[in-house]
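**Q** Structure provided below as structure tokens; questions to follow.
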Amino acid sequence: MYKILRQIEKPNDIKTIAPEDYRRLASEIRSCLVNSVSRTGGHLASNLGVVELTMALHICLDFPEDKLIWDVGHQSYVHKILTGRWNNMDTIRNYGGLSGFPSIEESETDAFDTGHASTSVSAALGYAHAARLQGKKNKVFAVIGDGSITGGMFYEAINNAASLKSNMVIILNDNNMSISKNVGGMSKYLTKLRTASQYTTLKDNIEYALKKMPYIGENVIEKIRRSKSSLKHLVIPGMFFEDMGLTYIGPVDGHNVNQLVKTFENAVNLDKPVIIHVKTKKGRGYRLAEENPCFFHGVEPFDVRSGELKKKRTEGSLSYTEVFGKKLCEMAAVNDRIVAVCAAMPQGTGLIPFSEKYNKRFFDVGIAEEHAVTFAAGLAADEMIPVVSIYSTFLQRAYDQIIHDVCKTRRHVVFAVDRSGITGNDGETHQGIYDVSFLCGIPGMTILSPKNHIEFEDMLEFAVNQFDGPVAVRYPRGDACMDMTGYRQEIAYGRAEILYGDTEEKRQVLLLAAGSMVATAVQAADRLKADGVQATVVNMRFIKPLDTALLNKLIPSHDIIVTLEENVISGGISEQVASYMQWNGFSGKKCIPVCLPDTYVKHGNPDVLKEKYGLTSEAVAEKILRETV
């Protein structure tokens, strides 16, 4: 099936491929990508767009001596294929298989573990300085997308890069998109670079005239191309990158391998930092991905012919993200002080309907989480009610701003913390398992987590319209829980909800659960009952503050206290409850934490990972039964 690709068995094998076979190799790589991602799910459109770019990089670089750092890293599948891992692509993002992101543990050709945006240039600069200090001559390349350059770290890095006295090459992969449509000033600036008619017209006219000159025309053209001071410096608006101390080259066709190779070879001969502006098309080579790159950015397993997802959603089901978007629109219809803020993820966070209905109250700030939070604090300071919708894993990028700009002055900023808990196949850099820990340590922060879709709507109503101060509502990825609809107590500040049992009844086991683990606790209680063990189940609702009044009533009448959460143990509910018990005279009670260990959780199906870490109802019941024997 793969006549050329099967010759790639290890790093650098592409150098043995004849140039006339590059087009065929690119086609086979795209076929490999579509076939594997259609089975496993993953990041497809971004990888289809960098096939030729990655091929050219591998032709120019020697691995693992040379260093190639991918910003974010979701476009590193082609790199994995060209380093001999293509035979294992059917395992990508599955537990025990290839990671969907660069992983040093997986291969020494993956120079740096990445997963979040705007970090590659900083890491590459560190590598470049380390090489200079040690007298090494290896090449250092960073690839960063046009969406990622809205992140502040990029500017910090290129500002620092100007001091580098040796070579480093930054590839700006410009496909006119990040995950969703690019926004902001840098997007407009890149558009100028792509379409600067003054430059392109003048350049074409000069080349046409010179080519008509016999004997010397072509030589003059080549000298102009190699000149350190080219015409574009005079006519392209701004020359922002040059002003920052980088040598700018481009735009270059990102789908022309030979042109890319020649450009890269010229760049590494310059003893200074270089930025090469490469134009690519996201989804290239697979029509459905070209037409809908957002959908095929990160896609579940799908049918190659139709593009439809293989797993059909249950009729009538809604994801927590959809519930959030719908409820926010409803509240905004009657409260014109509500505004929505996101960081380059309007589709992923469910804000597309809001952006269409209330465009003037919708702000997509680009990949700039720190700015998003302080921007929201400014909105709140002048009586608006900003709702900041950010994935749990990306919220941690704005920790300083949450502490200083929101919580210190008790600004009423609502954080909609999407993708909390185990998110699954994207792995260590994308699990939302730290937000409870880092938010609980901030004075003035209030944290809620719903047991089902109805309670989620009630919590949003409370957080937006009834509360005054910093508040976070954390909720998981995927379909919203539709169970336990018979339990709907009014949301009252700091109050938990008893689902099974009451404050007067003595039982063996007390289950204190938050968010997605409430359903698990109910199921575990049913299993325990079948074995003759009575359990009280409490929906904590508020992770901070804890309902200590209820704990004081319930803990004395139970022998075993079990805490259930999708968060690491350090700083989570389990530690909080254990500390409270220790400090308030309940230290004689048995306390069982059901949570994640103090570790990084690798990629895999969420159900597989929950089983591995003992977060299933069966595992919880078995663990308790062992303690009651």
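**Q** Per-residue HN-Hα couplings for the stretch 49-57, Karplus 6.51 cos²θ - 1.76 cosθ + 1.60 at θ = phi - 60°, whole Hz, x for Gly and Pro?
**A** x, 10, 4, 5, 4, 5, 4, 4, 4
**Q** Just want the answer: with Cβ charges of +1 for Lys and Arg and -1 for Asp and Glu, which residue in SER166, GLY325, GLY42 is farthest toward the dipole's positive end in the chain?
**A** Among SER166, GLY325, GLY42, the one farthest towards the positive end of the dipole of the chain is SER166.
**Q** For a quick check: with amide H placed at 1.01 Å from N, whose amide H comes under 5 Å from ILE592's, ignoring anything fewer than 5 positions away on the same chain?
**A** HN-HN under 5 Å from ILE592: ILE561, VAL562, THR563.
**Q** Turning to a different aspect of this structure: For the pair LEU133 and THR548, what calculated FRET efficiency results from E = 1/(1 + (r/R0)^6), where r is the Cβ-Cβ distance and R0 = 35 Å, to the nearest 0.05?
**A** With R0 = 35 Å, the Cβ-Cβ based efficiency is 0.05.
**Q** Is the stretch 478-614 rounded, prolate or oblate when judged by the Cα gyration tensor, a ≥ b ≥ c being the square roots of its eigenvalues, rounded requiring a/c under 1.5 and prolate requiring a/b larger than b/c?
**A** Judged from the Cα gyration tensor, the stretch 478-614 comes out rounded (a/c under 1.5).
**Q** Quick check: with the 1.4 Å probe, what order do ASP526, ASP146, ASP336 take by accessible area, largest first?
**A** ASP336, ASP526, ASP146
**Q** Tell me the net charge near VAL406. Cut-off is 12 Å between Cβ atoms, VAL406 excluded, with +1 for each Lys or Arg and -1 for each Asp or Glu.
**A** That sum, taken over residues with Cβ under 12 Å, equals 0.
**Q** Accessible area per residue, 1.4 Å probe, Å², for the chain: what's the number?
**A** 42
**Q** Further, regarding this structure: I want to check the label-to-label distance for LYS326 and GLU290. Put each point 7 Å from Cα in the C-beta direction and report it in nm to one decimal.
**A** Using points 7 Å along Cα→Cβ, the separation is 3.7 nm.
**Q** State, as an integer percentage, the relative contact order of the stretch 273-389 based on alpha-carbon contacts under 8 Å between residues 6 or more apart.
**A** Rounded, it is 19 percent for the stretch 273-389.
**Q** Hey, any idea what % of the chain's accessible area is carbon plus sulfur with a 1.4 Å probe?
**A** Carbon and sulfur: 49 percent of the exposed surface of the chain.
**Q** Of the options LEU528, SER579, ALA549, report the single residue whose Cα projects farthest towards the positive end of the charge dipole of the stretch 489-591 (beta-carbon charges: Lys, Arg +1; Asp, Glu -1).
**A** Result: SER579, furthest along the dipole toward the positive end.
**Q** Could you check the spin-label model distance between ALA162 and ASN88? Points 7 Å from the Cα along Cα→Cβ, value in nm.
**A** It works out to 4.3 nm between the two label points.
**Q** Ok, one more. Apply 1/(1 + (r/R0)^6) to the Cβ-Cβ distance of LYS360 and THR409, taking R0 = 22 Å, and write down the FRET efficiency to the nearest 0.05.
**A** According to the calculation, E is roughly 0.30.
**Q** So how much accessible area does SER355 have, in Å² to the nearest 10, using a 1.4 Å probe?
**A** Using a 1.4 Å probe on the heavy atoms, I get roughly 20 Å².
**Q** At R0 = 30 Å, how high is the FRET efficiency between GLN489 and LYS312 if r is their beta carbon distance? Nearest 0.05 is fine.
**A** 0.30
**Q** Using only Cα atoms and rounding to the nearest 10 degrees, what angle (0 to 90) does helix 617-628 make with the longest principal axis of the chain?
**A** 50
**Q** Something else about it: Let me make sure I get this right: for the stretch 313-461, a, b and c are the square roots of the gyration tensor eigenvalues over alpha carbons, sorted descending. Under 1.5 in a/c it's rounded, otherwise prolate if a/b > b/c, else oblate. Which is it?
**A** rounded
**Q** At 0.36 nm per residue, and after removing the present C-alpha to C-alpha distance, how many nm does the segment from MET1 to ASP62 gain when stretched out fully?
**A** Stretched out fully, the MET1 to ASP62 stretch lengthens by 19.2 nm.
**Q** Pairs of alpha-carbon atoms within less than 8 angstrom and 6+ residues apart define the contacts here; what relative contact order does the chain have, in percent?
**A** Across the chain, relative contact order equals 12 percent.
**Q** Then there is this: Just in the stretch 345-425: which trypsin sites (Lys or Arg not before Pro) are loop by DSSP and have at most 13 other Cβ atoms within 10 Å?
**A** Those that pass, being in a loop and sparsely packed, number zero.
**Q** While we're looking at this one, here's another question. Enter the angle in degrees (range 0 to 90, nearest 10) between the Cα long axis of helix 517-530 and the first principal axis of the Cα atoms of the chain, meaning the one along which they spread out most.
**A** Taking Cα atoms only, the helix is inclined about 40 degrees.
**Q** Can you give me the angle between helix 120-133 and the longest principal axis of the chain, using Cα atoms only, in degrees from 0 to 90, rounded to the nearest 10?
**A** With both axes taken from Cα atoms, the answer is about 60 degrees.
**Q** Using only the Cα atoms of the stretch 508-547, construct the convex hull and provide its projected area averaged over every direction, in square nanometres to one decimal.
**A** Details: hull surface 10.4 nm².
Its Cα hull, projected and averaged over all orientations, spans 2.6 nm².
**Q** Further question: Of the DSSP beta bridges with both residues in the stretch 261-401, give the percent that are antiparallel, rounding to the nearest 5.
**A** The antiparallel proportion sits near 10 percent.
**Q** Nearest 500 deg cm²/dmol is fine: what mean residue ellipticity at 222 nm does the chain get from its DSSP H runs of n ≥ 4 alone, each adding -39,500 (n - 2.57), divided by its residue count?
**A** The helix contribution divided over the chain gives -10500 deg cm²/dmol.
**Q** Roughly how many whole Å is it from the C-alpha centroid of the stretch 80-106 to that of the stretch 414-448?
**A** 27
The values are calculated or read from the model by the stated rules, or taken from the named source; none is laboratory data. These numbers were taken from a predicted model, which means no experiment stands behind them. Glycine gets a Cβ as well: all are built from the backbone with ideal geometry, and neighbour counts include every protein chain shown. Heads up: the accessible areas ignore ligands, DNA and RNA and are worked out on the full protein's heavy atoms, side chains in. Shrake-Rupley method; radii C 1.70, N 1.55, O 1.52, S 1.80 Å.
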